[in-house]
Amino acid sequence: MKSTTPVSKIKTEFTLQNASNVGGSKIFLEYLEKIKLGKALQNLNCTKQGNSLFPVFRILLYLIVGWILGCERLFHFRRLQHDALIRRFLGGRCPHHTLLYKELDRLSKTRPTLTLDLRKLNQQIIAPCLPSELIVDLDSTVETVYGHQEGAAVGTNPHKPGRKSYHPLMAFEGQSRLCLNAVLRAGNTHASADAAAFLRQIFELLGDRPVKYARFDKGFGGEDFYSLWEAKRIGYVGKLKWTQRLQAEVGRCRYWKRFVDEDWVIEGITLIYQATSWKKPRRVVVIRKAQVFDGDQARLLLDTDWHYEAIVWLELTLG
């Protein structure tokens with residue numbers, strides 16, 4: 001079944017006829033039409049039987065739209081099934097939420113490379129919007145779940161301690177903020193686990209696209225991780241964990257450069273440091289700051305007044 005009217009041509013009226021409780025998503029649906037996401041999903045060649053009511057590309061499109069509209073679990077799609085706007089976007093009708101379970105199970109068996117194919121498809125779609133030189137930002141987050149979802153586990157969860165969660169890895173382009181890659185992991189997975197393999201996958205997806213430099217948090221690190229950037233001659237800047245060994249090394253430094261001397265005193269130094277897991281020394285920048293209160297101008301700042309942050313830094317140029 002095919003819709004003859006694009007969403008962008010649908011007239012918006014504030015009446016109860018064909019009312020939609022997701023009317024605000026019309027702009028987003030117009031954007032999906034403009035980038036021709038449905039046509040791109042058709043290129044995956046996930047074939048079904050000829051008499052199938054819902055082709056695979058419409059199932060995938062429905063899953064994407066539903067997730068954007070807050071459907072975190074498949075049974076949440078029940079509220080979208082009879083929505084006039086979503087039905088028009090999908091060609092006249094929406095699949096029942098129980099069909100989504102069956103389709104995902106079937107795809108996992110008949111199309112084991114679907115995840116990788118979707119990653120490559122994502123690169124094709126965002127390619128025209130990427131700058132000529134990329135900035136790769138790596139991050140991880142905690143997504144709490146309320147049930148027994150597959151792959152979820154109890155781990156470090158600052159929002160809901162004791163709850164099961166996922167701990168996904170994500171890579172974004174720093175200027176356009178487009179997602180370059182993502183992988184779902186169990187909640188009890190350390191931030192740096194599989195980071196090197198994730199990074200190799202990013203390089204494979206980017207192909208020959210030049211990367212200017214990378215940025216990441218202190219959850220990422222290790223010799224293998226840094227070596228991958230250095231082998232590609234890509235500069236990086238990332239936070240380091242503040243360890244006793246690093247603290248002792250910084251404690252031997254006497255000459256700090258002061259950058260701010262107002263309500264906050266901010267100072268910095270640069271040193272060559274080698275962590276126990278590193279095979280070679282690397283440049284590390286340490287920033288410390290202390291707050292100065294009214295009337296305390298003459299007060300001598302003690303070691304306990306300072307808050308320290310360390311950053312590992314490698315500066316390289318392209319070419």
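Just a few scattered comments:
- The set of residues in region 74-107 that are touching a Cys at 6+ places or on another chain (Cβ under 8 Å) and surrounded by fewer than 13 Cβ atoms within 10 Å (Cβ to Cβ) contains only H82.
- Single condition S52 does not satisfy, out of (1) surrounded by 18 or more Cβ atoms within 10 Å (Cβ to Cβ); (2) not in a helix (DSSP H, G or I): (1)
- Scanning region 155-167 for residues that are touching a residue at least 24 places away in the same chain (Cβ under 8 Å) and assigned to a strand (DSSP E or B) yields a single hit, Y166.
- Residues that are of a type outside the set (V, I, T), in contact with a helix residue (DSSP H, G or I) (Cβ under 9 Å, 6 or more places away or on another chain) and more than 17 Å from D305 (Cα to Cα), drawn from region 223-271: D224, F225, S227, L228, W229, K232, G235, Y236, G238, L240, L271
- Selection status of N18, modelled with pLDDT under 85 and under 27 Å from T113 (Cα atoms): no
Here is a yes/no grid of residues against (1) under 30 Å from R209 (Cβ atoms); (2) touching a residue at least 60 places away in the same chain (Cβ under 8 Å):
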| site | (1), (2) |
| --- | --- |
| F75 | no, no |
| D83 | no, yes |
| E133 | yes, yes |
| D137 | yes, yes |
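- Residue match in region 224-233 (condition: within 30 Å of L116 (Cα to Cα) and basic (K, R)): yes
- Those residues of region 138-176 which are farther than 16 Å from T189 by Cα and among the small types (G, A, S), in sequence order: G147, A171, G174, S176
- Region 185-230, residues that are surrounded by 14 or more Cβ atoms within 10 Å (Cβ to Cβ), more than 13 Å from V136 (Cα to Cα) and among the aliphatic types (A, V, I, L, M): A186, A191, A193, A195, A196, L228
- Of all residues in region 65-77 being part of a helix (DSSP H, G or I), of a type in the set (A, V, I, L, M) and under 15 Å from H97 (Cβ atoms), the one that is modelled with the highest pLDDT: V65
- Residue ID - surrounded by the fewest Cβ atoms within 10 Å (Cβ to Cβ), chosen from residues in region 155-181 that are of a type in the set (D, E, K, R) and under 30 Å from R209 (Cβ atoms): R177
- Within region 108-154, tally of residues that are in a helix (DSSP H, G or I) and either under 19 Å from the mean Cα position of the chain (by Cα) or surrounded by 12 or more Cβ atoms within 10 Å (Cβ to Cβ) (or both): 16
The values are calculated or read from the model by the stated rules, or taken from the named source; none is laboratory data. Note that the structure is predicted; figures quoted are calculated from it, not measured. In this analysis, Cβ positions are derived from the backbone assuming ideal geometry, glycine residues included, and neighbour counts consider all displayed protein chains.
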